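Presented below is the structure to which this report refers.
The values are calculated or read from the model by the stated rules, or taken from the named source; none is laboratory data. Bear in mind the structure is a predicted one, so any value in this text is a computation, not a measurement. Note that each Cβ is placed from the backbone with ideal geometry, even for glycine, and that neighbours are counted across all protein chains shown.
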Amino acid sequence: MKKLSIIVPVYNEINTLEIIIKKLVDLNLYNNIEKEIIIIDDNSTDGSAKIIEKYESDFKFIKTYYKKENKGKGDSQKIAKEFVTGDYVIIQDADLEYDPEDINKLLKIAEDEKKDFVIGHRIMKTTIKHPYFFFRELAVNTLTLLMNILYRTSIKDCACCYRLFTSDLWKNIDGRADQFEYDFSIICQAIKKTKNIGQCSVYYKSRTYEDGKKCTWDVGIHAFKRIILDRFN
């Protein structure tokens, strides 16, 4: 029977972490595919680790790793590689911006259409009005256009968290950087290795600016740099 490895990078997500873990535990996967949940704690200081410990003792399909130093989301995904035993791999953020039910949409495409890589594109479900979100959308559209031009593909949303890989592809991706820049790097590396790509819309509800949605302008600069460097390296 096939298996999906769900990687959950965590850093100070005490307000949403337990909800996400419960959703993943209760999630029934498409085609009766099994699951393993790989939670990597990035040296949280808010009590997130205690929540993780509670669930790892209750469910055998939950694997955990506790970092002794905060090194970023990209570093957490690199560490997760050694724990992956599934046929497919997907990343799940520990906040509530994405709905885990949408994992099945990506999984169905990978299974039925035999895709090596499936990426979501977000349907915005927010009425938040703040200049930050206008400029964020502009930045995402610009980065997506740049990626499509340089890599000759047609990705709709290069900044979407939901991306599913076959494990063979995932293990052969050499993602660069340790912070959020890594997310862009693994997409770049994936589409350099395969054009057998699927896409689907996914639900998305952004956190408010006050709640911590504060990716600064330098994140966009680093992503821009990574897209170019990965294309020619």
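When Lys81, Lys50 are checked against the criterion of being over 22 Å from Asn28 (Cβ atoms), charged (D, E, K, R) and touching a helix residue (DSSP H, G or I) at 6+ places or on another chain (Cβ under 9 Å), a single residue qualifies: Lys81.
Residue count for the stretch 1-12 under the criterion of being more than 15 Å from the chain's Cα centre (by Cα), in a loop (DSSP other than H, G, I, E, B) and either among the β-branched types (Val, Ile, Thr) or modelled with pLDDT of 95 or more (or both): the result is 2. Filtering the stretch 134-160 to residues that are aliphatic (A, V, I, L, M), surrounded by fewer than 18 Cβ atoms within 10 Å (Cβ to Cβ) and closer than 21 Å to Leu229 by Cβ leaves Val140, Leu145, Leu146, Ile149, Leu150. For Lys108, the stated conditions do not hold, so it cannot be described as touching a Phe, Trp or Tyr at 6+ places or on another chain (Cβ under 6 Å), under 23 Å from Gln179 (Cα atoms) and in contact (Cβ under 8 Å) with a residue 12 or more places away in the chain. Checked against the criteria, Leu107 counts as at pLDDT 95 or above and touching a helix residue (DSSP H, G or I) at 6+ places or on another chain (Cβ under 7 Å).
Residues in the stretch 81-107 that are touching a Gly at 6+ places or on another chain (Cβ under 9 Å) and either closer than 20 Å to Ile187 by Cα or part of a helix (DSSP H, G or I) (or both): Tyr98, Asp102, Lys105, Leu106. Within the stretch 28-54, how many residues are closer than 20 Å to Ile90 by Cα, more than 17 Å from the chain's Cα centre (by Cα) and not in a strand (DSSP E or B)? Adding up the residues that qualify gives 7.
So that you can scan it fast, the table gives a plain yes or no per residue for (1) in contact with a Ser or Thr (Cβ under 7 Å, 6 or more places away or on another chain); (2) among the β-branched types (Val, Ile, Thr); (3) under 24 Å from Gly175 (Cβ atoms); (4) touching a residue at least 24 places away in the same chain (Cβ under 8 Å):
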{"site": "Lys50", "(1), (2), (3), (4)": "no, no, no, no"}
{"site": "Glu82", "(1), (2), (3), (4)": "no, no, yes, no"}
{"site": "Asp95", "(1), (2), (3), (4)": "yes, no, yes, yes"}
{"site": "Asp112", "(1), (2), (3), (4)": "no, no, no, no"}
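Number of residues in the stretch 185-215 that are modelled with pLDDT of 90 or more, part of a loop (DSSP other than H, G, I, E, B) and under 19 Å from Arg226 (Cα atoms) equals 1. So for the stretch 23-39 (the condition being modelled with pLDDT of 95 or more, touching a Leu at 6+ places or on another chain (Cβ under 6 Å) and aromatic (Phe, Trp, Tyr)), does at least one residue qualify? So far as the stretch 23-39 goes, yes, one or more of its residues are modelled with pLDDT of 95 or more, touching a Leu at 6+ places or on another chain (Cβ under 6 Å) and aromatic (Phe, Trp, Tyr). Checked against the criterion of being out of contact with any Lys or Arg (no Cβ under 7 Å at 6 or more places or on another chain), within 25 Å of Phe184 (Cβ to Cβ) and modelled with pLDDT under 95, the stretch 54-65 contains not a single residue that satisfies it. For the stretch 216-228, filtering for residues that are farther than 12 Å from Leu146 by Cβ and at pLDDT 75 or above leaves 4. For residues in the stretch 55-74 being of a type in the set (D, E, K, R) and more than 28 Å from Ala177 (Cα to Cα), which is nearest to the chain's Cα centre (by Cα)? That would be Glu56.
Would it be correct to say that Thr16 is under 21 Å from Gln179 (Cβ atoms) and surrounded by fewer than 16 Cβ atoms within 10 Å (Cβ to Cβ)? The answer is no for Thr16.
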